[in-house]
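Each remark here refers to the structure printed beneath this line.
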Amino acid sequence: MQAMPRRPNGWWISPAIPTIANLALGLLWFFSALGGWGDAAFCGTGDAHDATCAADFELTVLLSAPVAAVAVVTVLTAWALPAVRNRPQRLDALLVAAAFAWVVAEGILFIGGYLVQP
């Protein structure tokens, strides 16, 4: 197994850290968008559940899904391509870009959910 080369400035941060961050952000998006967390948070639960809000929140999920897909593809590309995986600067750049994409996808869910609240 080949060791990760150090960056030109001498610093070395394990790529596991941004990878775990991407996984955590992806799980947050998944549970918020598809697991019902966002719907419950913005549209209520039980007797207080607003069906119109829920339908509008589904549109918000559809708007954030392409951004989430970009994040998934970016992380997979970073780890699948040896030309990226073996160059720390490229790997860092793609993993950071994926994390920003997750944040944008979550932002779309949050802003959209806020706007559709009853």
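The values are calculated or read from the model by the stated rules, or taken from the named source; none is laboratory data. Model, not experiment: these values are computed from the prediction. A quick note on method: Cβ atoms are made from the backbone with ideal geometry, for glycine too, and the neighbour counts reach across all protein chains shown. Side chains included, ligands, DNA and RNA excluded: accessible areas come from the protein's heavy atoms. Shrake-Rupley method; radii C 1.70, N 1.55, O 1.52, S 1.80 Å.
Using the heavy atoms of the protein chains and a 1.4 angstrom probe, tell me the accessible area per residue for the chain in square angstrom.
For the chain, the solvent-accessible area averages 62 Å² per residue.
Put a dot 7 Å past each Cα toward the Cβ at residue 50 and residue 92; how far apart are the dots in nm?
If labels sit at residue 92 and residue 50, their model points lie 4.5 nm apart.
May I ask you to derive the relative contact order of the chain, considering only C-alpha pairs under 8 Å and at least 6 residues apart, and to give it as an integer percent?
38 percent
Angle between the Cα long axis of helix 51-80 and the longest principal axis of the chain, 0 to 90 degrees, nearest 10?
Helix 51-80 and the main axis of the chain meet at about 10 degrees.
Could you work out what % of the accessible surface of the stretch 17-69 is carbon and sulfur, using a 1.4 angstrom probe and leaving DNA, RNA and ligands out of the count?
73 percent
Would you list the P(r) distribution for the chain, with all Cα-Cα distances sorted into 5 Å bins from 0 and each bin expressed as a whole %?
2, 12, 20, 17, 13, 11, 8, 7, 5, 3, 2, 0
Stretched out fully, how many nm does the piece from residue 103 to residue 20 gain, at 0.36 nm a residue minus the Cα gap?
28.4 nm
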